[in-house]
Amino acid sequence: MNATVIGSQFGDEGKGSTVDVFGDAANVVVRYQAGANAGHTVTAEGETYELRLVPSGVVGGATGVLGNGCVIDVETLFDEIDRLRERGLDPEVLVSEAAHVVFPYHRVLDEAEEAAKEEGGWAVGTTGNGIGPAYADRANRRGIRTVELTSPAVLQERLEGTLPAKRNELAALGLEPGDAFDVDRLVEQFSTYGERLDDEGMLVEAGRYLTDRDRAGDTLLFEGAQGTAIDLDHGNYPFVTSSNPTAGGAIVGTGVPPSTVADGSVVGVVKAYLTRVGSGAMPTEFDPETAADRREALGEFGTVTGRPRRLGWLDLPVLRRAARVNGYTGLVLNHVDALATFDELRVCTAYELDGERLTEPPTEAGAWERCEPVYESFDPWDDRNWDAVAEAGYDALPDAARSYIEFVADEVGVPVDAIGLGPAREETIVRNHPLRGDDEPRNEVEHAQANGGV
Ligand code: IMP
């Protein structure tokens, strides 16, 4: 059995810790999209690891693979690997030969394009990691793949073919190209990376590698970055990232056959409230004062950029669409402990738009901005020793928290696999392990049956 872990909202749902919890049963953890824009925090055995490219499951000893759908900032990748080694880990990370490389000129163009969009009032608020420009080059057949770093002659030819167009793009934005656009410098720097990728045996034909491991009986865990609501196709376009965090992305972004993903579990990670970094719709957003207070209490600042995250109430239209697009088999509801700091609790059950009630977000960005949330209120619960609750299991949760969780599961139509009560592995209540099968009965009927009722 394989599993795919996907963000259900705007990213930052706690996928890193979810992958870490379930990753102990996985032999291979695979990233299939995005690059150094993705911040994953993993807390294991008292240690916290901030990762951007290395798949989270590597911390637990799994092989990490970066699929062809990723865009690789090779320098950041090596930095992360080196830092993990310094901390006593021995990470095995493999990279698809077909994954595209993020070059310094992509980062320059990312910032320049954002500044230009800012003037028109439609900046995305990107992480500035060159993600959009790298994917645009890939689609425009101007990209450079990791395998092309291993031959300085090939790299030189590819950069010479690409850079005139890149310099023109920059000139059109009124800027002068600097070192980031210098072919000789780039060849020198990136050939060194190519040599290291080669020397350490890191490059693979990822689709073949993963299919071989799958056929050999190994367990694969696909780790999505960001979230469904900022998916290039199924999110809040144009305020999205440039890849597909959704389940379909795991197939195209690795080269495994669809059944490898579709026959496994698809786990939707949900933050018990809502956060967003960057521009775009967020109908349940708190007013600035409430957001500022809660942001401090909850530590809601971006892992990669340190930017303050926008905050709001849990939004079920966002979750319903995510469950539909991804075909979730289970949910992981994270940060349930954090809701104990709230003195009132609300969930947005639907939107009102032009006299109509919507159960999923509209497609057009402006229409989504105009949606008015319809709320249902819930009893809050008190703070307590969450480690003890996690250890005791689901029944030890406060009644009000269980009502909240069960309401969400019912509305979204997907059972809850796990509940996160803190960032560490042991702070998660696992009701169903998506890679191993049931640990604990999940819905009320099963629960009563297991306890001799119904
Ligand atoms: P980009 O991916 O850097 O191009 O940014 C595009 C949009 O996705 C921006 O709104 C970012 O804030 C958002 N984004 C990208 N990566 C993450 C992430 O890991 N968590 C949350 N938002 C993200």
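The values are calculated or read from the model by the stated rules, or taken from the named source; none is laboratory data. Just so it is clear, the structure is predicted and the values come from calculations on it, not from any experiment. Positions of Cβ are generated from backbone atoms using ideal geometry, with glycine treated the same way; all protein chains shown enter the neighbour counts.
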Next item on the list: Those residues that are farther than 21 Å from Ile230 by Cβ and within 16 Å of the ligand (Cβ to nearest atom), I need them from the stretch 42-71; list them, please.
Entry: Val42, Tyr49, Val54
Margin query: I'm trying to understand the selection: among the residues of the stretch 125-146, which are assigned to a loop (DSSP other than H, G, I, E, B) and either within 14 Å of the ligand (Cβ to nearest atom) or touching a helix residue (DSSP H, G or I) at 6+ places or on another chain (Cβ under 8 Å) (or both)?
Written below: Gly125, Thr126, Thr127, Gly128, Asn129, Gly130, Arg142, Gly143, Ile144
Notebook entry, point to check: Which one of these does Gly121 not meet: (1) in contact with a Leu (Cβ under 7 Å, 6 or more places away or on another chain); (2) within 16 Å of the ligand (Cβ to nearest atom)?
Noted result: (1)
Notebook entry, point to check: Counting only residues that are of a type outside the set (Phe, Trp, Tyr) and more than 14 Å from the ligand (Cβ to nearest atom), which one in the stretch 28-41 is farthest from Asp218 (Cα to Cα)?
Noted result: Val30
Notebook entry, point to check: Does Asp383 satisfy the criteria of being assigned to a loop (DSSP other than H, G, I, E, B) and either free of Cβ contacts under 8 Å to residues at least 60 places away in the same chain or exposed (fewer than 15 other Cβ atoms within 10 Å of the Cβ) (or both)?
Noted result: yes
Item checked: Check on Val28, in contact with a helix residue (DSSP H, G or I) (Cβ under 9 Å, 6 or more places away or on another chain), over 30 Å from Leu159 (Cβ atoms) and at pLDDT 95 or above -> yes
Checklist line | Meets criteria (assigned to a helix (DSSP H, G or I) and among the small types (Gly, Ala, Ser)) for Gly174 | finding: no
Margin query: For a quick check of your reading: which strands (runs of 3 or more DSSP E) sit entirely within the stretch 296-377 and have at least 2 residues that are touching a residue at least 40 places away in the same chain (Cβ under 8 Å) and buried (at least 21 other Cβ atoms within 10 Å of the Cβ)?
Written below: 330-334, 345-353
Check: Taking only pairs six or more apart or across chains, which ones have beta-carbon atoms under 7 Å, a first residue in the stretch 114-125 that is without any contact (Cβ under 8 Å) to a residue 12 or more places away in the chain, and a second residue that is surrounded by 13 or more Cβ atoms within 10 Å (Cβ to Cβ) and not β-branched (Val, Ile, Thr)?
Finding: Lys117/Ala123
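Yes/no per residue for (1) in contact with a Gly (Cβ under 6 Å, 6 or more places away or on another chain); (2) within 16 Å of the ligand (Cβ to nearest atom):
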| position | (1), (2) |
| --- | --- |
| Val183 | no, no |
| Leu186 | no, no |
| Ala206 | yes, no |
| Arg213 | no, no |
| Leu232 | no, yes |
| Gly235 | no, yes |
